[in-house]
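First up is the structure itself, then whatever we jot down about it.
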Amino acid sequence: MTRIQHDARSRFYCAAVRVVLAENCDQSEALPGSMTIQPDFSRNRKSCRLHPGGFVLLDFGRELAGGIRIVTGTSMNPQHRVRLRFGESVSECCGQPDNDHGIHDGIYLVANFGATEIGNTGFRFIRIDLPPDAETPLELIGVAAVLLMHDLPHAGSFQSSDERLNLIWKTGVYTVQLNLQDYVYDGIKRDRLVWPGDLHPELRVAAAVFDDLTLFAKTMDFARDTTPLPETMCDISSYSLWWIICQHDY
C-alpha cells in the first residue's frame, strides 16, 4: 500500500461578496472582494478589526465545498480563539448548526500574524466570533473560502427558451460537481458518504455533462470492497441493486 496518494481535486480561493451582519467590528467592508491569502508588513493596508464579543458574517455568493483561510495581523497574543459557524443560510450561522458528518460550529485557534485554514464541509456563509473574554482585538487581513472540486470540462450542455429551466439545469450540474470529492458523495454538507442509491442519479447527470467518469468507477469499487458478501451495501438490500444498476449505466 502506497503511503502517498495524489489528491486529484483542484483548489481555488474565493472572495466573500458581502457582509451580511457585523457587530462590535471595525471596517468589515474591507473583507468582501479581498483575495488576501498571505500576511504582509504593509502599514497602509485596510483590514477588519474584531473586538471582544464582536462578530462578522460573510456571504460567498454560492454553495462551496471546502473551508476558509483566515489571514490575521499582528497582536500581543501569540494566538486567538474564535468561534466559527459554517452555514448554508444566515439563520444557520446565527444559530447552533449540527456537527453531523462535518464540523459546522466549533472553537478554533488562529495564528497571530499568519494564515490558518479551517473546515471541510458544504457552506455559503461563515460567521466569525471573537469571544467576549478575548484579551485583545483580532485583526482580519483577509478571509477567503477554499474551494475543493474536480475541475472537469463540460462536454455536454442544455439550453432552452426558458431561463428558469436553464438555471435549474446548471444548478443541478454544479451540485453534482461539488459532490465529486475523494469519492462521489450523496451531499457536500451531509452525509458526505457513499450511498449507491444516491450515486445513480448523480451518475446519470455526470454522464450527460462530463467525459471523465473515473471517480464513479473508484466510488463503485469502494462500495464493493467495503461490503463483503453476504452483506448488503449500507445495510439496505435495494442499495446493492442500485450498485448493479450503476454498473450497467456506467
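The values are calculated or read from the model by the stated rules, or taken from the named source; none is laboratory data. Here the structure is a predicted model, which is why all the values come from computation and not from measurement. Quick reminder, even Gly has a Cβ in these numbers, built from the backbone with ideal geometry, and neighbours come from all protein chains shown.
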(request) Can you run down the residue pairs with Cβ atoms below 7 Å, 6 or more apart or on separate chains, where the first is in segment 188-202 and more than 12 Å from Met220 (Cα to Cα) and touching a residue at least 12 places away in the same chain (Cβ under 8 Å) and the partner is part of a loop (DSSP other than H, G, I, E, B) and aromatic (Phe, Trp, Tyr)? (result) Arg192/Tyr185; Leu193/Tyr185
(request) Name every residue in segment 1-36 that is farther than 23 Å from Glu88 by Cα and of a type in the set (A, V, I, L, M), in order of residue number. (result) Met1, Ile4, Ala8
(message) Looking at Ser42, Ser47 in this structure, which one is small (Gly, Ala, Ser) and farther than 17 Å from His80 by Cβ?
(response) Ser42
(request) Identify the single condition in (1) out of contact with any helix residue (DSSP H, G or I) (no Cβ under 6 Å at 6 or more places or on another chain); (2) among the aliphatic types (A, V, I, L, M); (3) assigned to a helix (DSSP H, G or I); (4) surrounded by 13 or more Cβ atoms within 10 Å (Cβ to Cβ) that Leu152 does not satisfy, given that it satisfies every other one. (result) (3)
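Can you go through Arg45, Arg3, Arg81 and tell me which one is free of Cβ contacts under 8 Å to residues at least 24 places away in the same chain and farther than 23 Å from Leu178 by Cα?
Arg3
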(message) If the requirement is being closer than 22 Å to Leu147 by Cβ, among the hydrophobic types (A, V, I, L, M, F, W, C) and touching a strand residue (DSSP E or B) at 6+ places or on another chain (Cβ under 8 Å), which of these qualifies: Leu193, Leu215?
(response) Leu215
(message) Which condition from (1) at pLDDT 95 or above; (2) surrounded by fewer than 16 Cβ atoms within 10 Å (Cβ to Cβ) is the one that Gly54 breaks?
(response) (2)
(request) Could you tell me whether segment 129-145 includes any residue that is touching a His at 6+ places or on another chain (Cβ under 9 Å) and over 21 Å from Gly54 (Cβ atoms)? (result) no
(message) Considering only segment 174-182, I want to know if a residue exists there that is within 21 Å of the chain's Cα centre (by Cα), farther than 19 Å from Ala206 by Cβ and buried (at least 17 other Cβ atoms within 10 Å of the Cβ).
(response) no
(message) Step by step: first the residues of segment 74-91, then only those that are small (Gly, Ala, Ser) and more than 18 Å from Pro32 (Cβ to Cβ), then the one that is surrounded by the most Cβ atoms within 10 Å (Cβ to Cβ). Which residue is that?
(response) Ser75
(request) All but one of (1) within 12 Å of Leu140 (Cα to Cα); (2) in contact with a Lys or Arg (Cβ under 7 Å, 6 or more places away or on another chain) hold for Glu88, so report the exception by its number. (result) (1)
(message) With the requirement that a residue be in a strand (DSSP E or B) and surrounded by fewer than 19 Cβ atoms within 10 Å (Cβ to Cβ), what does segment 95-117 give you?
(response) Asp105, Gly106, Ile107, Tyr108, Leu109, Ala111, Ala115, Thr116, Glu117
(request) Give Glu63, Glu135 a once-over and let me know the one that is modelled with pLDDT under 95 and either touching a Pro at 6+ places or on another chain (Cβ under 6 Å) or farther than 17 Å from Ser47 by Cβ (or both). (result) Glu135
(request) Report, ordered by the first and then the second residue, all pairs with beta carbons closer than 9 Å, sequence separation of six or more or different chains, a first member in segment 126-146 that is assigned by TED's automatic domain parsing to the domain that holds Cys94 and under 11 Å from Arg81 (Cα atoms), and a second member that is surrounded by fewer than 24 Cβ atoms within 10 Å (Cβ to Cβ) and among the aromatic types (Phe, Trp, Tyr). (result) Ile128/Phe55; Asp129/Phe55; Leu130/Phe55
(request) Return a yes/no flag: does segment 136-143 have any residue that is assigned to a helix (DSSP H, G or I), crowded, with 20+ Cβ neighbours inside 10 Å and touching a helix residue (DSSP H, G or I) at 6+ places or on another chain (Cβ under 9 Å). (result) no
(request) Considering only segment 1-54, state which residues are closer than 26 Å to Ser75 by Cα, more than 24 Å from the chain's Cα centre (by Cα), in a loop (DSSP other than H, G, I, E, B) and not small (Gly, Ala, Ser). (result) Gln27, Asp40, Phe41, Arg43, Asn44, Arg45, Lys46
